[in-house]
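Asker: Quick one: structure below, then a few questions.
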Amino acid sequence: MRWANSTNYSSTISFTNCRPRDRHSPVFLQFPGCIMLSSTLRSARISCAPFRPFSTGSSQIKKIGVLGAGQMGGGIAQVAAQNGFEVIMMDNSESSLTRSLKLMDSLMTKNIAKGKLTEDQKASTLSNIMTTTDINSFREVDIVVEAVSENPAVKHAIFTQLCGLTRPDTILASNTSSISITKIAAATRRPDKVIGMHFMNPVPVMKLVEIIPGLATSQATTDATLALAQQMGKTTTISRDMPGFMANRLLMPYINEAVQALLEGVGSRDDIDTTMKLGCNMPMGPLTLADFIGLDTCLSIMKILHSELGDSKYRPSPLLVKYVEAGWLGKKSGRGFYDYTQ
């Protein structure tokens, strides 16, 4: 483990505490962070929320573990630390941890220039974050927020391990944007402590957190998670544990239909995006939005909606499938519906 401004780090992750059926599974923990963009995002410009001192309120959560140092995990860690929580951010990649801290520093520096943050507040936020490559560092946290890729097998293995190494009263939350919380909870021995905590991307900017109790999630766990999100300066909604929850149940079919319209020649790429921006007052066209989310993420969520709900209206557009097969994943790969290499 290391503080945000130090250089030492500990050993890599192991699966010694997994159930036998999971321990030998071919799980690869790359922790790129899953990406979710709300349709209310008004631009790709990122800024941090104003600093808010920590207030204990009714929640007893003081120490937060964040598993995954990608775009989502880093954003969650920053917002928690900015609001006074002690944060341990874990990833099996030291370079990902370093990159995440650099991004936080850059975002807060920009907010200082805009008068939204002070140097002392920035220093306090960074001092609240410790980073590590050792998952055993979560042994004494009050809650772990998992923020890794949308892969059910990976999440199940992680939650099995977390159940074995954290305290019995530790809440285990997933930032999944589509995978069943009930199924994730079934990989543990304490499903009453498992809950969905779906932050929107970019986390420092977007105000919403979707809270998703699973079938066995206790009311105490739900109440504590709601209180935590609110103490982090977020507005909360509660969704039933259904595929896609609320945000992606509405957003992803919209994006998928835009891709299908492009495939069928209903309109050009630019005309589809312009029609939705100027004709429906959307802040961003659906194809641009898909590029920012990541076309692989969009496809993954559409596959879950299609398989879980069984309705043909959720069938992923063949064009979306082809783009992902070609490695055209959107902004992060340099090419999607738009070219980002120039």
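The values are calculated or read from the model by the stated rules, or taken from the named source; none is laboratory data. These figures come from a predicted structure and were not determined experimentally. Don't worry about glycine lacking a Cβ; one is built from the backbone with ideal geometry, like all the others, and counts go over all protein chains shown. Just so you know, the surface numbers come from the protein's heavy atoms only, side chains and all, with ligands and any DNA or RNA stripped out. Shrake-Rupley method; radii C 1.70, N 1.55, O 1.52, S 1.80 Å.
Asker: Between ARG240 and GLU264, what is the label-to-label distance in nm when each label sits 7 Å out along the Cα-to-Cβ direction?
Answerer: If labels sit at ARG240 and GLU264, their model points lie 2.9 nm apart.
Asker: Sticking with this structure for a sec: Length gain on complete extension for the stretch GLU257 to ASP120, per 0.36 nm per residue less the alpha carbon to alpha carbon distance?
Answerer: 44.6 nm
Asker: To continue, here is another question. Let me have the relative contact order for the range 246-333, percent, based on Cα pairs under 8 Å that are six or more residues apart.
Answerer: 32
Asker: Where Lys and Arg each count +1 and Asp and Glu each count -1, what net charge lies around PRO286 among other residues with Cβ under 14 Å from its Cβ?
Answerer: Its environment carries a net charge of -3.
Asker: Using the crude model of +1 on Lys and Arg Cβ and -1 on Asp and Glu Cβ, and no other charge, please compute the dipole size for the range 63-238 relative to its Cα centre, in debye to 20.
Answerer: Dipole about the Cα centre, nearest 20: 260 debye.
Asker: I've got another one for you. On the accessible surface of the range 50-175, probed at 1.4 Å, how many percent belong to carbon and sulfur atoms?
Answerer: Here it works out to 52 percent.
Asker: Let me know the whole percent of all Cα-Cα pairs from the range 85-153 that are separated by more than 21 Å.
Answerer: So the pairs more than 21 Å apart make up 37 percent of the total in the range 85-153.
Asker: From the phi of every residue in the range 67-82, what ³J(HN,Hα) in whole Hz does the Karplus formula 6.51 cos²θ - 1.76 cosθ + 1.60 yield, where θ is phi - 60° and glycine or proline is x?
Answerer: Running phi through 6.51 cos²θ - 1.76 cosθ + 1.60 with θ = phi - 60° gives 9, x, 10, x, 4, 6, x, x, x, 5, 4, 4, 5, 5, 5, 5 Hz.
Asker: When we measure straight from the Cα of LYS122, which aspartates and glutamates land under 16 angstrom away, once same-chain ones fewer than 8 places off are left out?
Answerer: Cα-Cα hits under 16 Å: GLU86, ASP105.
Asker: In addition: If I histogram all Cα-Cα distances within the range 246-333 using bins 10 Å wide from 0, what percent of pairs lands in each bin?
Answerer: Spelled out bin by bin, the range 246-333 gives 18, 53, 28, 2 percent.
Asker: Still on this structure, I have one more. So if the hydrodynamic radius of the range 224-272 is defined as the Kirkwood radius over C-alpha pairs, what does Stokes-Einstein give as its diffusion coefficient at 4 °C and 1.567 mPa s, in µm² per second?
Answerer: 96
Asker: Also, quick follow-up: Calculate one ³J(HN,Hα) per residue across the range 172-185 by plugging θ = phi - 60° into the Karplus curve 6.51 cos²θ - 1.76 cosθ + 1.60, and present them in order as whole Hz with x for glycine and proline.
Answerer: 10, 10, 10, 8, 3, 9, 7, 7, 4, 5, 4, 5, 4, 4
Asker: Treating the Cα atoms of the range 152-271 as identical point scatterers in vacuum, please give the log10 of the normalised Debye intensity I(q)/I(0) at q = 0.10, 0.17, 0.21 Å⁻¹, two decimals.
Answerer: Rounded to two decimals, the profile gives -0.37, -0.84, -1.13.
Asker: Got the relative contact order for the range 63-238 handy, in percent, Cα pairs under 8 Å and 6 or more residues apart?
Answerer: Across the range 63-238, relative contact order equals 21 percent.
Asker: Same structure, new question: Can you give the Kirkwood hydrodynamic radius of the range 63-238 from its Cα pairs, in Å with one decimal?
Answerer: 16.0
Asker: Which of the peptides 180-187, 162-169, 285-292 is most tightly packed, and how do the rest follow, going by the mean number of other Cβ atoms within 10 Å of each residue?
Answerer: 285-292, 180-187, 162-169
Asker: Out of the DSSP beta bridges found with both residues in the range 63-238, what percent are antiparallel (nearest 5)?
Answerer: 15
Asker: Using per-residue counts of other Cβ atoms within 10 Å, averaged over each peptide, order 135-145, 69-79, 260-270, 229-239 from highest down.
Answerer: By packing density, highest mean first, the sequence is 69-79, 135-145, 229-239, 260-270.
Asker: Which of the lysines could be linked to LYS331 by a straight reach, that is with a Cα gap under 26 Å, when you skip same-chain ones fewer than 8 residues away?
Answerer: Once the sequence-local lysines are set aside, what remains near LYS331 is LYS102, LYS110, LYS155, LYS207, LYS277, LYS303, LYS322.
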